[in-house]
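Have a look at the structure below before the remarks.
Here, each number is a calculation from the coordinates, and none is a lab measurement. Computed from a predicted structure; not experimentally measured. Cβ placement follows ideal geometry from the backbone for every residue including glycine, while neighbour counts extend to all protein chains displayed.
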Amino acid sequence: MLIYKIFRADEWAALQAAGETSGAPVDVADGFVHFSTAAQAAETAAKHFAGAEGLVLLACETEQMGEALKWEVSRGGALFPHLYRPLRISDVLWSAPLPLIDGQHRFPDPMT
């Protein structure tokens, strides 16, 4: 199953340069890397990245993350994937720009 991480351009560049990251400041503060499912990603973008430009969407395969990936209750009682180890560049299957068009982030279609 694919899960998704939204990064700012500098966070994505840092992951590419270092090969791994503890995530964005919110991830570091919470002690895990936040992800979203395809169904949750647009709401995550709207809630946490409203109006932000220069975002990058990363797709990762859950099977590669093993037991470090936990599904935990979060927003609205839904289960969200949380990674309890650094995110590695090798976890990323693909990345795509997440442009802001007319105030909305435009996600790739399909997200596979």
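Length gain on complete extension for the stretch Phe49 to Ile89, per 0.36 nm per residue less the alpha carbon to alpha carbon distance? Provide the component values of the computation, followed by the final result.
Numbers: separation 40, 0.36 × 40 = 14.40 nm, distance 2.22 nm.
Result for the pair: 12.2 nm of gain on full extension.
How charged is the neighbourhood of Leu2? Take every other residue with its Cβ under 12 Å from the Cβ of Leu2, and add Lys/Arg as +1 and Asp/Glu as -1. Mind dumping the intermediate values first?
Working: positive: Lys5; negative: Glu61, Glu63, Asp91.
Counting the neighbours of Leu2, the net charge comes to -2.
Between Met1 and Gln104, what FRET efficiency comes out of the Förster formula 1/(1 + (r/R0)^6) with R0 = 30 Å and r the beta carbon distance, rounded to 0.05?
0.75
Subtract the Cα-Cα distance of Ser74 and Val28 from 0.36 nm times their separation in residues, and report this length gain in nm to one decimal.
On the way: separation 46, 0.36 × 46 = 16.56 nm, distance 1.69 nm.
Between Ser74 and Val28, full extension yields 14.9 nm more.
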Kirkwood-based Rg to Rh ratio, the chain, C-alpha trace: 0.92
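So if I place +1 on the C-beta of Lys and Arg and -1 on the C-beta of Asp and Glu, and nothing else carries charge, what would the dipole magnitude of the chain be about its Cα centre? I want it in debye, nearest 20. Intermediate results must be reported in sequence, preceding the final value.
Working: 8 positive and 14 negative charges, 22 e Å.
Charge dipole, the chain, about its Cα centre: 100 debye, nearest 20.
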